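Below is one structure, written out as structure tokens; comments come after it.
The values are calculated or read from the model by the stated rules, or taken from the named source; none is laboratory data. Since this is a predicted model, take the numbers as computed values, not measurements. Here the Cβ positions follow ideal geometry from the backbone for every residue, glycine too, while neighbour counts run over all protein chains shown.
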Amino acid sequence: MKELDAGQMKEIQLSILRALDAFCKEHGIQYFLSGGTLLGAIRHKGFIPWDDDIDLAMPRPDYERFLAEFSDPRYKVYSLKTSKKCRFPFAKVCDIKTSVIEGSYKKKTEFGLNIDIFPLDVAPDDAIILRKMIKHSRFYQQLLKVKLSRLSSQWTIPQNLVIAVGRVFLAPFGTAFFSSKIDTIAKSYASKKTPYMGCMVWGYKEREILDTSVFASSVPVEFEKLVFPAPVGYHTYLSSLYGDYMLLPPEEKRITHHDFVAYWNEEL
């Protein structure tokens, strides 16, 4: 069984992005490169050399439209709306001709090689309310992480004990229960108007809550010799997440944080 190498995985992910980009342009759906993908576009004009994924963000109304309307014979959406066992409070667009085996599970996942899409939600302009929302969301996120974790030699004995005990108590709940809680919290200000928005379902949380002007429109940026949209305020966004984002990290930190292997389905 031959696994896909890093170059092949990046090319497949780039193909998913091209399909998504074409669909969003045709249907007037706004999206942006985000996280490490946006950092890679600005600093490297492509993938961060030691990274292996693609992250996108969409304002919540566009995100919901995309989940409802996206259709492609090669790619499918994996989200709370499409899978009762969804593990994440964000969406993935997957290549159905591939399969992923995660290192911690040692078994085939529900989704193939994919790219991530994170919703951008309206955030409170009251700092105390925002902190409470984020604290509440983090609580469910930590429970979700325990639910998804497996005992491993890479963890300390206390960490393995927390995982073992936690999984017993969390056994009655499916992963979608926790993901849905996180999603509901993030959407709680959807009907209100404030000057702030950002990704509250995952990631950096406080550092991603920014003035709406950051995401008011898009600007084209180069990524792997192609052009994709970045938020108009990408400098503010990247500075909030990474500080001096043009500065390379120390060599010992230039490592991928993803533990999985991918295969073509016909080879499984």
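Kindly indicate the residue of the stretch 216-244 that is assigned to a strand (DSSP E or B) and aliphatic (A, V, I, L, M) and also farthest from F47 (Cα to Cα) among those meeting that condition. Before you say what the answer is, go through the steps one by one.
Within the stretch 216-244, the first condition is being assigned to a strand (DSSP E or B), and the residues that meet it are 218-223, 226-231.
Imposing the further condition that a residue be aliphatic (A, V, I, L, M) reduces the set to 219, 221, 226-227, 230.
Working: V219: 18, V221: 13, L226: 12, V227: 13, A230: 14 Å.
Per the criteria, the residue is V219.
Specify the residue that is surrounded by the most Cβ atoms within 10 Å (Cβ to Cβ); the eligible residues are those in the stretch 77-99 that are at pLDDT below 90 and of a type outside the set (S, T, N, Q).
That would be C86.
Could you check the stretch 20-34 and list, in sequence order, the residues that are more than 17 Å from the chain's Cα centre (by Cα) and either acidic (D, E) or buried (at least 18 other Cβ atoms within 10 Å of the Cβ) (or both)? Break it down stepwise before answering.
Residues of the stretch 20-34 more than 17 Å from the chain's Cα centre (by Cα): 22-29.
The answer is F23, C24, E26, I29.
Write out, first by first residue and then by second, each pair whose Cβ atoms fall under 7 Å of each other, whose residues are 6+ apart or on separate chains, and whose first residue, in the stretch 121-147, is without any contact (Cβ under 8 Å) to a residue 12 or more places away in the chain while the second is of a type in the set (S, T, N, Q).
Sorted first by the residue in the stretch 121-147, then by its partner, the list stays empty.
Being loosely packed, with under 15 Cβ neighbours inside 10 Å and modelled with pLDDT under 95 is the filter; apply it to the stretch 35-70 and report the residue that is farthest from S218 (Cα to Cα). Talk me through it step by step, then tell me what you get.
So in the stretch 35-70, the residues loosely packed, with under 15 Cβ neighbours inside 10 Å come out as 45, 49-50, 61, 68-69.
With the extra rule that they be modelled with pLDDT under 95, the set shrinks to 49-50.
Details: P49: 25, W50: 26 Å.
Looking at the filtered set, the residue picked out is W50.
Residues checked against (1) surrounded by 13 or more Cβ atoms within 10 Å (Cβ to Cβ); (2) closer than 30 Å to A22 by Cβ; (3) at pLDDT 90 or above; (4) of a type in the set (S, T, Y):
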position	(1), (2), (3), (4)
L144	yes, no, yes, no
V162	yes, no, no, no
R167	yes, no, no, no
L170	yes, no, no, no
P195	no, no, yes, no
E208	yes, yes, yes, no
P231	yes, yes, yes, no
Y237	yes, yes, yes, yes
Y245	yes, yes, yes, yes
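Check L247 against each of (1) within 20 Å of the chain's Cα centre (by Cα); (2) in a loop (DSSP other than H, G, I, E, B); (3) aliphatic (A, V, I, L, M); (4) more than 21 Å from K92 (Cβ to Cβ) and name the one condition it does not meet.
Evaluating L247 over (1) within 20 Å of the chain's Cα centre (by Cα); (2) in a loop (DSSP other than H, G, I, E, B); (3) aliphatic (A, V, I, L, M); (4) more than 21 Å from K92 (Cβ to Cβ) leaves (1) as the failure.
Take the stretch 47-69 and flag every residue that is of a type in the set (G, A, S) and in contact with a Phe, Trp or Tyr (Cβ under 9 Å, 6 or more places away or on another chain). Even if it seems obvious, please write down each step before you answer.
Step one: list which residues in the stretch 47-69 are of a type in the set (G, A, S), which gives 57, 68.
Listed by number, the list holds a single entry, A57.
Quickly run through the stretch 250-268 and pick out the residues that are over 25 Å from R18 (Cβ atoms), among the acidic types (D, E) and assigned to a helix (DSSP H, G or I).
Of everything in the stretch 250-268, those that are over 25 Å from R18 (Cβ atoms), among the acidic types (D, E) and assigned to a helix (DSSP H, G or I) turn out to be E251, E252.
For the list (1) in contact with a strand residue (DSSP E or B) (Cβ under 9 Å, 6 or more places away or on another chain); (2) modelled with pLDDT of 95 or more, I need the number of the one condition that K25 fails.
Status for K25: all satisfied but (1).
Under 28 Å from K84 (Cβ atoms), at pLDDT 95 or above and surrounded by 15 or more Cβ atoms within 10 Å (Cβ to Cβ): does that describe A186?
Numbers: under 28 Å from K84 (Cβ atoms): yes; at pLDDT 95 or above: yes; surrounded by 15 or more Cβ atoms within 10 Å (Cβ to Cβ): yes.
When the stated conditions are applied, A186 passes them.
I need the full set of residues from the stretch 192-213 which are of a type in the set (S, T, N, Q) and either within 27 Å of K85 (Cβ to Cβ) or free of Cβ contacts under 8 Å to residues at least 24 places away in the same chain (or both), in order please. Walk me through how you get there before you give the answer.
We begin by selecting, within the stretch 192-213, every residue of a type in the set (S, T, N, Q); these are 194, 212-213.
Passing the criteria: T212, S213.
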